[in-house]
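Have a look at the structure below before the remarks.
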Amino acid sequence: MAPYGHYVDGDWRTGARAGAETFESRSPATRESLGEFARGTPTDVADAVAAAEAARAEWRALSYIDRAEYLWEIYHELRERHDELGEVVSRECGKEISEGRADVTEAWHMVEWAAGNARHPHGDVVPSEIAAKDAYMRRKPRGVVGCITPWNFPVAIPFWHMALALVEGNTVVWKPAEQTPYCAQIIAEMFDDTGIPDGVFNMVQGYGDAGNAIVENDAVDTVLFTGSAEVGHSIAEKLGGVPGRDVALEMGGKNAIVVTEKADLDIAVHAAVMSAFKTTGQRCVSAERLIVHEDVYDAFEARFVDLAADVAVGDPLDEETFMGPLADADQVAKFREYNELAREEGVDVLVDRADLDADEVPEGHEDGFWVGPFVYETEYDPELRCLHEEVFGPHVALIPYAGDVADAVEIHNAVDYGLAGAIISEDYRQINYYRDHAEVGLAYGNLPCIGAEVHLPFGGVKKSGHGPASAREAIEAVTERTAWTLNNATEIEMAQGLSATL
Ligand code: UN1
């Protein structure tokens, strides 16, 4: 079978222009192949950007409603094929099946929100300071939006980026993650089926060189990126100061949950397990630090450790599984490296399931990237790298604290990242203190720190982000505004009392 190709200017491109090289998608659970894909080259990206540029005028001339129609078709397809696509997600990126389905749910929620915006367009009308003038802000599409998306939400995150960008009148060039090209292929087929005008939506499969070609192409007006801090910061360096080119970055975190002495421990344990182990710790919002008051520490630790020792690792397609495999060999290597580092830094290891016993690995899945939780206890120490660097796996530190909520929040904030965090407490004063002082873009009270709602701005502060890459405020990244004033009088009257007499 010919390799799957790119979708450029309304055509599937699998021929010579697709480049000679191909790559394979393999399930992280079984290593079975999900298909062979053309590896995009900078030339493919240049063609896609040229197509997107050429399609701009026609697309922006359509009304919001007409543009949204294409997205509504995708919305219905995502809903109709929800379970089938959820299974594809689980097969390709290893998330257990309820999370595979949730990825698709999140995608249709986002499409619904963005397409729904077409019936609820934003705008600002303000009175002019001069009676005979009208003043209002007009939003216009930026032009070509480049989207670079990760493997951990292979269906939802592309729609975070693309749905609003398209409804707002931009054309799109998308480079999906090289780990999940099959999900990307299905999404591109959905766009193709809608009959969206050629060049409005383009997808080039491939690796970092293809992503980089998007970043380096001056005709791409805005780059929306979700992924590692390393890549995100390099994009920021390239585009941060370039006038006329915009960027919204959503990167990692070293997220924490504060469990105070006033916590309901049922909620605390539940929130911690969900936040640390769902998606095998591979959400950018996953918690890797649990900061627990000394008065409840022993009780919390006993319960959390029991669950971590027992949490069901297994076949992602099995409904009983809580944690699927890690995504690839690099993730496994990084996870083990940080576990080793934590040991070297002198932590007290409480659970180490990094090398699963043979009988814990599901039958027929021996080649998968299996790991279980690694949990340790340590006093807070600003020198410990394991407490400050993101691992992106089920690597969890329990950090006891004494004193009041301000002491916990100090530890919570003592990292370069600022994506997500939570407080578990029954005391509203503690909760309010956390709300006001936690240095994160997504803060939760008595909840896990995962599972954001799609209509809320998603993004971090400090080294975690730069402008929300999705939802409400992403409108800033995919549009530009004109302040428009219109004179309705027969004479000119101006602000600042400027004389308009000749
Ligand atoms: C990510 O963590 O990479 O809030 C994205 C959540 C999801 C999105 C997470 N809605 O957990």
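Just so it is clear, none of the values below were taken in a lab; they were calculated from the coordinates. Remember, predicted model here, so these are calculated numbers, not experimental data. All Cβ positions, glycine included, derive from the backbone under ideal geometry; neighbour counts span all protein chains shown.
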For Val172, which sequence-distant residues (separation of 5 or more, or a different chain) have an amide H within less than 5 Å of its own amide H, given hydrogens modelled in the peptide plane? Val145, Phe201, Asn202
Relative to the longest principal axis of the chain, what angle (0 to 90°, nearest 10) does the C-alpha long axis of helix 42-61 take? 50 degrees
0 to 90° range, to nearest 10: angle between helix 428-437 axis and the chain longest Cα axis: 60 degrees
So what's the angle, to the nearest 10 degrees on a 0 to 90 scale, between helix 82-93 and the longest Cα principal axis of the chain? 60 degrees
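On a full-extension model of 0.36 nm per residue, what is the gain between Thr43 and Arg385, subtracting their alpha-carbon distance, rounded to one decimal in nm? Spell out each step's value before the answer.
Working: separation 342, 0.36 × 342 = 123.12 nm, distance 4.05 nm.
Here the segment from Thr43 to Arg385 would lengthen by 119.1 nm.
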Answer in debye to the nearest 20: the dipole magnitude of the chain about its Cα centre, from +1 Lys/Arg and -1 Asp/Glu charges placed on Cβ, is 2140 debye
Set the Förster radius R0 to 60 Å, insert the Cβ-Cβ distance between Thr501 and Ala406 as r into 1/(1 + (r/R0)^6), and round the FRET efficiency to 0.05. 0.45
HN-Hα J couplings of the range 153-165 from phi, Karplus 6.51/-1.76/1.60, θ = phi - 60°, integer Hz, Gly and Pro as x? 10, x, 10, 5, 5, x, 6, 3, 7, 8, 4, 5, 4
Distance in nm between label sites at Glu69 and Glu36, each 7 Å beyond Cα in the beta-carbon direction? 4.0 nm
With θ taken as phi - 60° and the coefficients 6.51, -1.76 and 1.60, list the Karplus ³J(HN,Hα) couplings across the range 280-292 in order, rounded to whole Hz; mark glycine and proline as x. 6, x, 9, 9, 5, 9, 4, 8, 10, 9, 10, 9, 10
With a 10 Å radius around each residue's Cβ, average the other Cβ atoms per peptide and rank 101-111, 86-96, 479-489, 313-323, highest first. 86-96, 101-111, 313-323, 479-489
With +1 on each Lys and Arg Cβ and -1 on each Asp and Glu Cβ, how big is the dipole of the range 109-237 about its Cα centre, in debye rounded to the nearest 20? 420 debye
Rounded, prolate or oblate: which one fits the chain, using the alpha carbon gyration tensor with axes a ≥ b ≥ c (rounded when a/c is under 1.5, else prolate when a/b beats b/c, else oblate)? oblate
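May I ask you to compute the full-extension gain from Glu337 to Asp83, defined as 0.36 nm times their residue separation minus their alpha-carbon distance, rounded to one decimal in nm?
87.9 nm
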Students often get this wrong: which residues of the range 391-406 have the backbone nitrogen under 12 Å from the point 7 angstrom along Cα-to-C-beta of Ser98? none
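Compute the normalised compactness of the range 192-344: alpha-carbon radius of gyration over 2.2 N^0.38 Å, N being the residue count.
With N residues counted in the range 192-344, Rg over 2.2 N^0.38 Å equals 1.40.
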Provide the FRET efficiency to the nearest 0.05 for the Ala414-Glu294 pair, computing r from the beta carbons and using R0 = 25 Å. 0.85
What is the gain in length, in nm to one decimal, between Asn487 and Met1 on full extension, counting 0.36 nm per residue of separation less the C-alpha to C-alpha distance? 168.5 nm
